[in-house]
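Presented below is the structure to which this report refers.
Values quoted throughout were computed directly from the atomic coordinates according to the rules given, and no laboratory measurement underlies them. Being a predicted model, the structure only gives us computed values, none of them experimental. Note that we place each Cβ from the backbone using ideal geometry, even for glycine, and neighbour counts take in every protein chain shown.
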Amino acid sequence: MKQTIRFEGVSKQYANGHQGLVEVNLEIRRGEFVFLVGPSGAGKSTLVRLLYGEERLNAGEIYVDQFRLRVLTHRQMPRLRRQLGIVFQDGKLLPSRTVYQNVAFAMEVVGASSRDIKKRVPHVLELVGLSRRRDNFPHQLSGGEQQRVGIARALVNRPSYIVADEPTGNLDPETGQDIMKLFVEINRIGATIIMATHAKDLVDRFQKRVVAIEAGRIVRDQLRGAYGYEA
Ligand code: ADP
C-alpha cells in the first residue's frame, strides 16, 4: 500500500462563496514533519479539515493511503479517522472525564477491547509525560498538560499521521516549545506530522519542511524552511 498523503488539484469553496483552497497540489510522505504556515484566513484550517473529512472538497482529489476523500463513504470514515490522529488548539477534552478516561474514550469509540485499552493507555500517557496525572480532570491541569492529553488521545490508536491545528496557540512560549519537542519525538518514533501554526519562533528553530499558503494557494514549499512572515 502506498503510504502518502496527496492533494491533486484540490479546491474548496464554502457555501458563502469564500474560497478555502484553490487548486492545491501537495505530497506528504510517510515520516515527514510539515509545518503549514501563512496569514490568518489563508486556508490552513481548511486544508486540515479536508484531510480528516470534516469538510468535503469541491474539485480535485485527496489521497490518504488507500482512501480517496472525494468519494469517501460514511462507512469508511471511521477507518480514515483511525489513520489520522487529530490535535486541536484547545484540546477539546471531555471535562467530566479523567485524563485516563479521555484517552481511553478514543479507543472505546473505535471498538478496542478493554484488554488493549488497559495496556495501551498507560503506555501513551507515559510517552507524553502524564502518568502521574492519569486520575486528574482537565480543569486540574495546566494548558500544556491539557494539550498533552490531546496528543495522547490523538496517538492512542496508532495513527500513521498526526494532524494538528495550532496546537501551541494557547500556550506560553516555553510550554509551546515543550509541546513541539513532544511532536518531534512522536515523529522520530514513526508518525508523520502535519501542523498548521503561527508559532514563528518554533518554526524557525525546528527547521522542518515548511509549506506556506496564501489566499488558498501554496506559495512556498521548503525543506528545512523558515516561517518567512513577520510574527
Ligand atoms: P486559516 O486557517 O489559514 O486561518 P481558513 O482555512 O480558516 O484559514 O480560511 C480560509 C478561507 O475560507 C477564509 O476566507 C475563510 O473566511 C473561509 N472559511 C473558513 N472556514 C469557513 C466556513 N466554515 N464557512 C465559510 N467560509 C469559511
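Q13 satisfies every condition listed in (1) within 21 Å of R209 (Cα to Cα); (2) within 13 Å of the ligand (Cβ to nearest atom) except (1).
Residue count for the stretch 47-101, restricted to those that are polar (S, T, N, Q) and under 18 Å from the mean Cα position of the chain (by Cα): 2. Tell me, which residue of the stretch 189-202 that is away from the ligand (no atom under 16 Å from the Cβ) and in contact (Cβ under 8 Å) with a residue 12 or more places away in the chain is nearest to I86 (Cα to Cα)? The extreme case among them is I193. Would a scan of the stretch 30-43 turn up a residue that is within 15 Å of the chain's Cα centre (by Cα), within 15 Å of the ligand (Cβ to nearest atom) and either among the aromatic types (F, W, Y) or part of a helix (DSSP H, G or I) (or both)? Looking for residues that are within 15 Å of the chain's Cα centre (by Cα), within 15 Å of the ligand (Cβ to nearest atom) and either among the aromatic types (F, W, Y) or part of a helix (DSSP H, G or I) (or both), one finds at least one in the stretch 30-43, hence yes. Apart from one condition, H18 fits all of (1) loosely packed, with under 14 Cβ neighbours inside 10 Å; (2) touching a helix residue (DSSP H, G or I) at 6+ places or on another chain (Cβ under 7 Å); the exception is (2).
Tell me which helices (runs of 4 or more DSSP H) are completely within the stretch 105-188 and hold 3 or more residues being closer than 22 Å to R81 by Cβ and under 13 Å from the mean Cα position of the chain (by Cα), or say none if there are none. Outline the logic, then answer.
On the way: elements: 114-127, 143-155, 173-188.
It comes to 143-155, 173-188.
Checked against (1) away from the ligand (no atom under 16 Å from the Cβ); (2) out of contact with any His (no Cβ under 9 Å at 6 or more places or on another chain); (3) within 30 Å of L127 (Cα to Cα), P95 meets all criteria but (2). When R205 is tested against (1) surrounded by fewer than 22 Cβ atoms within 10 Å (Cβ to Cβ); (2) farther than 21 Å from Y52 by Cβ; (3) within 16 Å of the ligand (Cβ to nearest atom), just one condition goes unmet, and that condition is (3).
Taking the residues in the stretch 16-29 that are aliphatic (A, V, I, L, M) and closer than 17 Å to I162 by Cβ as candidates, determine which candidate is farthest from the ligand (Cβ to nearest atom).
Going residue by residue through the stretch 16-29, those that are aliphatic (A, V, I, L, M) are 21-22, 24, 26, 28.
Add one more test, that the residue is closer than 17 Å to I162 by Cβ, and what stays is 26, 28.
Details: L26: 15, I28: 17 Å.
Among those that are aliphatic (A, V, I, L, M) and closer than 17 Å to I162 by Cβ, it is I28.
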